[in-house]
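Let me begin by presenting the structure, written as structure tokens, before commenting on it.
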Amino acid sequence: MASSDSMSEYKIRELEQGITESKHTYTITKVPRSREVRQAWFTTVFTTLYAALYSFPVVFKSRPDLILCNGPGTCIPLCVAGFILRVLGVKRVQIVYVESMCRVETLSLSAKILYYFADHLLVQWPSLQHKYPRTRYIGRIV
Amino acid sequence: MADSNQKPTKNVFVTVGTTSFDDLIKTVCSENLIEVFRELGYSKILLQIGRGEYEPPVMKSDDFCVEYYRLKPSISEDVSSADLIISHAGAGSVLEAMGAKKPLIVVINDSLMGNHQVELAYQLYKDGHLYYGTCCELKNLLRTVDLRKLKPLEPGRPEKFGAFLDQVMGIS
């Protein structure tokens with residue numbers, strides 16, 4: 001998750017504590033955000049590259065079977081790293097992106113970037129699925 | 001002696017999530033709007049101001065009070081004790097209000113880049129689940145809309161997503 005995100009960490013720990021099966025283990029790794037809200041696009045190039053410096057090793061080391069992500073650009077360097085692993089034949093990493101429920105008529109920039117290289121791009125409104133045929137609509141998730 | 005004739009208080013809960021939305025906070029706390037809330041029978045406004053810079057003046061009189069805080073791990077208690085929710089267009093806040101089946105007015109933050117949040121509020125408004133507008137329109141909205149006409153929103157189905165992921169990973 002983004003290093004500036006404290007809420008998500010709290011929610012995850014709360015959720016994990018409620019799961020009683022002892023087989024579950026989890027780690028939380030924080031990476032820099034690719035872009036802060038309202039940040040200028042020019043500086044975003046540099047902050048994204050900086051985030052990639054942290055994100056690439058996380059993915060290369062853990063070699064996930066699945067990268068599940070949503071929302072802001074923080075996920076992009078992680079997905080790119082996963083895609084690189086796949087292209088190099090190191091691991092068949094599946095990338096699943098869930099678009100925010102806020103997106104009704106237009107895809108977010110993250111979704112547009114991932115449109116051609118995510119395995120599954122889920123949207124939560126049928127109007128989006130009609131507009132962007134590579135996306136999938138399975139009903140509202142949240 | 002217990003005051004058994006006390007009218008139940010009607011509460012407004014204003015929430016901006018983790019964002020900063022000074023325009024909304026200032027608008028709600030302006031004399032104009034306080035007057036409107038009073039007219040409509042509300043006696044308490046609780047504001048969750050997030051990362052906003054503007055801190056509203058706390059007010060406590062016999063028949064009206066204004067309080068605020070920045071963030072809480074969960075706003076569900078404040079949502080469930082509200083009679084009206086005024087919120088920014090963030091999905092989390094909107095869904096929290098929808099989930100608690102509360103009347104909701106969404107206020108759009110004009111100053112945000114791209115402002116795609118309008119899409120969600122507009123869609124839910126078209127479907128009759130909430131009212132929406134800008135800070136400038138809020139006073140008029142409060143005076144004219146009928147909150148009883150709003151329809152509850154069906155909850156999402158996360159289990160569908162679970163089943164989908166199982167399929168993708170070849171588990172099911």
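The values are calculated or read from the model by the stated rules, or taken from the named source; none is laboratory data. Computed from a predicted model, the values in this text were never measured in an experiment. Positions of Cβ are backbone-derived with ideal geometry, glycine not excepted, and every protein chain shown enters the neighbour counts. Just so you know, the surface numbers come from the protein's heavy atoms only, side chains and all, with ligands and any DNA or RNA stripped out. Shrake-Rupley method; radii C 1.70, N 1.55, O 1.52, S 1.80 Å.
Sort B:ASP23, A:ASP119 by accessible area with a 1.4 Å probe, largest first.
B:ASP23, A:ASP119
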Quick one: work out the % antiparallel among DSSP beta bridges in chain B, nearest 5. 10 percent
Quick one: buried accessible area between B and A, total over both chains, 1.4 angstrom probe, nearest 100 Å²? 2500 Å²
So with the 1.4 Å probe, I'd like the accessible area per residue for the protein assembly as shown, rounded to whole Å². 56 Å²
Ranked by GNM mean-square fluctuation in chain B (Cα springs under 10 Å), the top entry among B:ALA121, B:ALA82, B:ALA100 is B:ALA100
Of the trypsin sites (Lys or Arg not before Pro) in segment B:49-133, those whose Cβ has at most 14 other Cβ within 10 Å and which sit in DSSP loop: B:ARG51, B:ARG70, B:LYS101
Which value in deg cm²/dmol, rounded to the nearest 500, describes the helix-derived mean residue ellipticity at 222 nm for the protein assembly as shown, given -39,500 (n - 2.57) per DSSP H run of n ≥ 4 and division by the residue count? -11000 deg cm²/dmol
Among the listed pairs B:LYS44/B:LYS101; A:LYS131/B:LYS26; A:LYS11/B:LYS160; B:LYS72/B:LYS102; A:LYS131/B:LYS139; A:LYS61/A:LYS131, which are separated by more than 30 Å between their Cα atoms? A:LYS131/B:LYS26; A:LYS131/B:LYS139; A:LYS61/A:LYS131
With every protein chain left in place, what is the accessible area of A:VAL59 in Å² (1.4 Å probe, nearest 10)? 10 Å²
Of the options B:ILE45, B:ALA82, B:THR27, report the single residue whose Cα projects farthest towards the positive end of the charge dipole of chain B (beta-carbon charges: Lys, Arg +1; Asp, Glu -1). B:ALA82
Nearest-10 value in Å² for the accessible area of B:VAL14, using the 1.4 Å probe: 0 Å²
By accessible area of protein heavy atoms, probe 1.4 Å, what ranking do A:TRP125, A:TRP41 get, highest first? A:TRP41, A:TRP125
For chain A, set up a GNM with springs between Cα atoms under 10 Å and report which of A:GLY82, A:GLY73, A:GLY18 has the largest fluctuation. A:GLY18
At a 4.7 angstrom Cβ threshold, list every cysteine in the protein assembly as shown that has nobody to pair with, or say none. A:CYS79, A:CYS102, B:CYS29, B:CYS65, B:CYS135, B:CYS136
With a 1.4 Å probe and all protein chains in place, put B:THR27, A:THR25 in order of accessible area, largest first. A:THR25, B:THR27
When the accessible area of chain B is split by element with a 1.4 Å probe, what percent falls to carbon and sulfur? 50 percent
